[in-house]
Amino acid sequence: MSNWPTPHINATPEDFAPTVLMPGDPLRSKFIAENFIEGARLVNNVRGVQGYTGFYKGKRVSVMASGMGQPSIGIYAYELYNFFGVENIIRVGSCGSLTKDLHVKDIILAMGSCTNSNFASQYELPGTFSPIADYKLLTAAAECCEKAGVRYYVGNIYSSDLFYDDAASTLRWAKMGVLGVEMESAALYCTAARAGKRALAICTVSDSLVYDECMTAAEREQSLTDMITVALETSLKI
Ligand code: HPA
């Protein structure tokens, strides 16, 4: 008996390319497919989590949404890596910046991902696992940023289970040099490590926890385009 279709992905392994770009938002998945991927074909739509496969500069690539939060990305990444033959997942998301050095539109390549989540406890390790990006994906993405002239930062981010944090504790992570906060990368990195696969989270700063900044619609569009282009160019190098 095959392991697919799964409860969350109604497709076959042939439907997916080895590399999947993964935004949080299903509508962003559709936007990427329609505007950046040639011949994009809808391969999954369970719960409206749209997945498409097509070509970028002649190379096959997929895009599928993760939904919000670590439990959600944990499901999709697990199924793609373990049941659909996917080798690389590149998250293309947004984050809030935690330091004065970063402003909206900046791009973070998440080398490491701190978390308040219990996700890694399932591995029953006698200590704390450090979720990290795949080095090959990370260096390829940094090279793509350089080539495209896109400003980027490489460092630690914080993957929180809480968007609304009653203790307002998020900014404490800045004391440790953590650059931004989002809600998915730690579970993605853990899932990739366990499956022996590759992952990278690229995040555009969409809001700041230290400045009162917000992106205009045009800035949002441009920064999204930069991040998606970097992710797609990275997929050509692996
Ligand atoms: N918190 C958590 N996740 C986020 C944020 C934030 O401020 N901004 C974008 N993703």
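Observations
- Scanning the range 203-223 for residues that are assigned to a strand (DSSP E or B) and at pLDDT 90 or above yields a count of 6.
Yes/no matrix, rows are residues, columns are (1) more than 25 Å from ASN118 (Cα to Cα); (2) open to solvent by less than 40 Å² (accessible area, probe 1.4 Å); (3) among the acidic types (Asp, Glu); (4) modelled with pLDDT of 95 or more:
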| site | (1), (2), (3), (4) |
| --- | --- |
| ARG28 | yes, no, no, no |
| PHE55 | yes, no, no, yes |
| MET68 | no, no, no, yes |
| PRO71 | no, no, no, yes |
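- Residue match in the range 38-57 (condition: on the phi > 0 side of the Ramachandran plot and assigned to a loop (DSSP other than H, G, I, E, B)): yes
- Flag for LYS105 being touching a strand residue (DSSP E or B) at 6+ places or on another chain (Cβ under 7 Å) and at positive phi: yes
- For beta carbons closer than 9 Å, sequence separation of 6+ or different chains, a first residue in the range 144-170 that is within 26 Å of GLU219 (Cα to Cα) and a second that is within 15 Å of the ligand (Cβ to nearest atom) and among the basic types (Lys, Arg), the qualifying pairs are ARG151/LYS105.
- Of all the listed residues (PHE16, PHE31, PHE36), the sole one being more than 24 Å from CYS95 (Cα to Cα) and of a type in the set (A, V, I, L, M, F, W, C) is PHE16.
- Considering residues of the range 181-191 that are closer than 13 Å to GLY112 by Cα and open to solvent by less than 20 Å² (accessible area, probe 1.4 Å) only, the residue nearest to the ligand (Cβ to nearest atom): GLU182
- Every residue from the range 145-180 that is buried (at least 16 other Cβ atoms within 10 Å of the Cβ), part of a loop (DSSP other than H, G, I, E, B) and away from the ligand (no atom under 14 Å from the Cβ): VAL150
- Tallying residues that are open to solvent by 10 Å² or more (accessible area, probe 1.4 Å), within 25 Å of ALA217 (Cα to Cα) and more than 12 Å from the ligand (Cβ to nearest atom) within the range 92-128 yields 5.
- GLY24, sole failed condition from (1) farther than 30 Å from LEU162 by Cβ; (2) under 13 Å from the mean Cα position of the chain (by Cα): (1)
- Under the condition of being open to solvent by 30 Å² or more (accessible area, probe 1.4 Å) and part of a loop (DSSP other than H, G, I, E, B), the residues counted in the range 4-26 number 8.
- Number of positions in the range 192-218 that are over 13 Å from the mean Cα position of the chain (by Cα) and more than 15 Å from the ligand (Cβ to nearest atom): 8
The values are calculated or read from the model by the stated rules, or taken from the named source; none is laboratory data. Please read these numbers as outputs of a predicted model, since none were measured by experiment. As a convention, Cβ positions derive from the backbone with ideal geometry for all residues, glycine included, and neighbour counts pool all protein chains shown. In case anyone asks, the SASA skips ligands and DNA or RNA and just uses the protein heavy atoms, side chains included. Shrake-Rupley method; radii C 1.70, N 1.55, O 1.52, S 1.80 Å.
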